[in-house]
Amino acid sequence: MLDGGQHVGRQGDMAVEFSTLFWIILSIVCAIVAIVLSLRAASTLRENALTKARNLFYLRREWLEAEFVKLAGLRGIPRGLRWVDCEFENDVQFARDRNSGQLRALVATTIRFEAIEGGGMEDVEAVGNLRAATAIFFFEGKKWSTSGRAHFNLNPVEAIQHYRHELETVD
């Protein structure tokens, strides 16, 4: 009888251990599922935000380009030259600032300048040459903006590559 009672006691202890182990494993699995689901939800929200930002850029693009030309002309760069014309390519490359997370749009441009009288560039023959550059636009809060900043002699892909320590391409 004593043996039988001890045998039943061991089975009861094993059932308690199994039950405890079952709940521990179930808790771990539930935690993993919750983490995976929250990561997917966050990724979906980021993708939705990116899609909305891109759509807004295309909606406001004509205004943004006009603002770019206005501000770029006011910057006085290159010195001694006036912005005469700026042609924007259709393609847009989107990138994200690695530090701030700010979204940027980069658009290839072809720019034509003329010398400003008294600016020291009147006798430079190359003033009239067309210049390739990349116009930079940035997404702040819920709107796109520009400072009129251009990267000369780089197309958008080259600009992202050149500033790869600061920018990463967004697909």
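The values are calculated or read from the model by the stated rules, or taken from the named source; none is laboratory data. Quick caveat, the model's predicted, so the values are computed rather than measured. Don't worry about glycine lacking a Cβ; one is built from the backbone with ideal geometry, like all the others, and counts go over all protein chains shown. Keep in mind that these areas ignore ligands, DNA and RNA; they rest on the heavy atoms of the full protein, side chains included. Shrake-Rupley method; radii C 1.70, N 1.55, O 1.52, S 1.80 Å.
Residues checked against (1) in a loop (DSSP other than H, G, I, E, B); (2) under 13 Å from Phe68 (Cβ atoms):
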{"position": "Asp91", "(1), (2)": "no, no"}
{"position": "Asn99", "(1), (2)": "yes, no"}
{"position": "Val107", "(1), (2)": "no, yes"}
{"position": "Gly120", "(1), (2)": "yes, no"}
{"position": "Ala133", "(1), (2)": "no, yes"}
{"position": "Ile136", "(1), (2)": "no, yes"}
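Please go through the stretch 92-144 and give me each residue that is farther than 19 Å from Ala159 by Cα and among the small types (Gly, Ala, Ser), ordered by number.
Listed by number, the residues that qualify are Ala115, Gly118, Gly119, Gly120, Ala126, Gly128, Gly141.
Output yes when any residue across the stretch 157-164 is among the aromatic types (Phe, Trp, Tyr) and farther than 15 Å from Ala53 by Cα, and no when none is. It would help to see each step written out before you state the result.
Looking only at the stretch 157-164, we keep the residues that are among the aromatic types (Phe, Trp, Tyr), and these are 163.
Imposing the further condition that a residue be farther than 15 Å from Ala53 by Cα reduces the set to 163.
Yes: the stretch 157-164 contains one or more residues that are among the aromatic types (Phe, Trp, Tyr) and farther than 15 Å from Ala53 by Cα.
Answer with yes or no whether Leu59 is modelled with pLDDT under 95 and either exposed (fewer than 12 other Cβ atoms within 10 Å of the Cβ) or out of contact with any Asp or Glu (no Cβ under 6 Å at 6 or more places or on another chain) (or both).
Answer is no for this residue.
Residue by residue through the stretch 138-151, note down the ones that are in contact with a Lys or Arg (Cβ under 6 Å, 6 or more places away or on another chain) and either part of a helix (DSSP H, G or I) or closer than 18 Å to Gly73 by Cβ (or both). Before you say what the answer is, go through the steps one by one.
Filtering the stretch 138-151 down to residues in contact with a Lys or Arg (Cβ under 6 Å, 6 or more places away or on another chain) leaves 138, 144, 148.
Gly148, the sole residue that qualifies.
Could you check how many residues of the stretch 98-111 are small (Gly, Ala, Ser) and surrounded by fewer than 21 Cβ atoms within 10 Å (Cβ to Cβ)?
Of the residues in that region, 2 qualify.
Given the conditions (1) modelled with pLDDT under 95; (2) crowded, with 16+ Cβ neighbours inside 10 Å; (3) touching a Lys or Arg at 6+ places or on another chain (Cβ under 9 Å), which single one is not true for Glu114?
Failed condition: (2).
Which of the residues belonging to the stretch 117-153 are among the aliphatic types (A, V, I, L, M) and open to solvent by less than 40 Å² (accessible area, probe 1.4 Å)?
Val127, Ala133, Ala135, Ile136, Ala150, listed by residue number.
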